[in-house]
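Participant: Before I ask anything, here is the structure I am working with.
The values are calculated or read from the model by the stated rules, or taken from the named source; none is laboratory data. Since the model is a prediction, treat every value here as computed from it, not as a measurement. Here the Cβ positions follow ideal geometry from the backbone for every residue, glycine too, while neighbour counts run over all protein chains shown. Ligands, DNA and RNA are stripped out before the accessible areas are found, and what is left, the full protein with its side chains, is counted by its heavy atoms. Shrake-Rupley method; radii C 1.70, N 1.55, O 1.52, S 1.80 Å.
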Amino acid sequence: MSIEELRELINYHSNLYYTLDEPEISDFEYDRLMSRLKEMESADPSLITPDSPTQRIGGKILSGFEEVVHTVQMQSLNDVFDKESVLDFGEKTENALGEKVEYITELKIDGLSVSLEYRDGYFFRGSTRGDGTVGEDVTENLKTIRNIPLKLNEPIPYLEVRGEVFMPHSSFKTVNKLQEETGQKPFKNPRNAAAGSLRQLDSSVVAQRKLDIFVFNIQQIE
């Protein structure tokens with residue numbers, strides 16, 4: 001099996017396991033495939049590609065985060081705390097559009113808003129929302145999130161999407177148990193844990209936190 005075929009096979013099973021929750025092989029078999037890929041890449045580092053499954057493992061230590069200027073502003077949600085504010089919003093919206101409006105409500109995933117950028121189908125940069133105009137480059141940490149594709153199915157020239165990074169409750173319990181066992185202060189809630197994890201300078205620590213993401217908006221596309 002060539003190294004390209006091995007990568008495709010691992011990516012196929014990763015998608016089944018982490019995204020569709022329908023694994024076809026055991027964890028042991030998956031680990032064997034990953035081990036073989038690591039061996040092949042170690043033997044010839046020139047074969048390592050940006051979309052290789054091994055690039056999700058983490059291990060890079062950063063001295064800090066570089067700033068990223070958002071060409072499309074990442075705005076925040078407006079909070080309302082009473083019925084009158086909701087009705088006022090509805091009235092202003094209908095007056096602006098000149099027609100009746102129907103609404104769809106959805107649960108809010110509480111985490112950390114991020115931008116994911118792809119060039120020619122490859123993930124090349126991920127950043128935090130920051131103040132909406134300027135965020136921080138957290139690309140290496142985002143690569144550890146299994147649901148983020150490192151390569152798209154189509155080589156789109158440029159794509160930027162926005163999503164919410166969060167920590168599932170199962171991961172939150174595991175992380176806090178480890179924090180207590182190592183004498184560290186436990187996180188107060190999953191949102192704080194997700195935000196704190198994504199800003200770690202050691203990507204291997206982020207990989208252990210098992211973060212997830214929900215992508216909900218296209219910021220820009222070519």
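Participant: With a 10 Å radius around each residue's Cβ, average the other Cβ atoms per peptide and rank 139-152, 1-14, 33-46, highest first.
Facilitator: Result, highest mean Cβ count within 10 Å first: 139-152, 1-14, 33-46.
Participant: Another one. Would you be so kind as to identify which of Pro155, Asn217, Asn15 lies farthest towards the positive end of the dipole of the chain, taking Lys and Arg as +1 and Asp and Glu as -1 on Cβ and the Cα centre as origin?
Facilitator: It is Asn15.
Participant: On to the next question. Roughly how compact is region 134-216, stated as its Cα Rg over 2.2 N^0.38 Å to two decimals?
Facilitator: 1.20
Participant: What's the Cα-based Rg to Rh of the chain, Rh via Kirkwood?
Facilitator: Here the Rg-to-Rh quotient is 1.02.
Participant: Between region 136-163 and region 178-195, what is the C-alpha centre distance in whole Å?
Facilitator: 26 Å
Participant: Moving to a separate point now. If you look at just the Cα atoms of region 16-131, how large are its Rg and its Dmax in Å?
Facilitator: 22.6, 66
Participant: About its Cα centre, how strong a charge dipole does the chain have in debye, to the nearest 20, once Lys and Arg get +1 and Asp and Glu get -1 at the Cβ?
Facilitator: My answer is approximately 760 debye.
Participant: Sticking with this one: Which percent of the accessible area of the chain is formed by carbon and sulfur heavy atoms (probe 1.4 angstrom)?
Facilitator: Summing carbon and sulfur atoms, their accessible area is 51 percent of the total for the chain.
Participant: Across region 158-168, in residue order, what do the Karplus-derived ³J(HN,Hα) couplings come to in whole Hz, using 6.51 cos²θ - 1.76 cosθ + 1.60 with θ = phi - 60° and x for Gly and Pro?
Facilitator: Coupling constants for region 158-168: 7, 8, 10, 10, 10, x, 10, 7, 9, 10, x Hz.
Participant: Mind checking the per residue accessible area of the chain for me, 1.4 Å probe, whole number of Å²?
Facilitator: 65 Å²
Participant: Under a 5 Å amide H to amide H cut-off, with H placed in plane at 1.01 Å, what residues pair with Val68 once short-range neighbours are removed?
Facilitator: Gly135, Glu136, Asp137
Participant: Another one. Return the single residue from Leu201, Leu97, Leu159 with maximal mean-square fluctuation; model: Gaussian network over the chain, springs between Cα atoms under 10 Å.
Facilitator: Sorting by GNM fluctuation, first place goes to Leu97.
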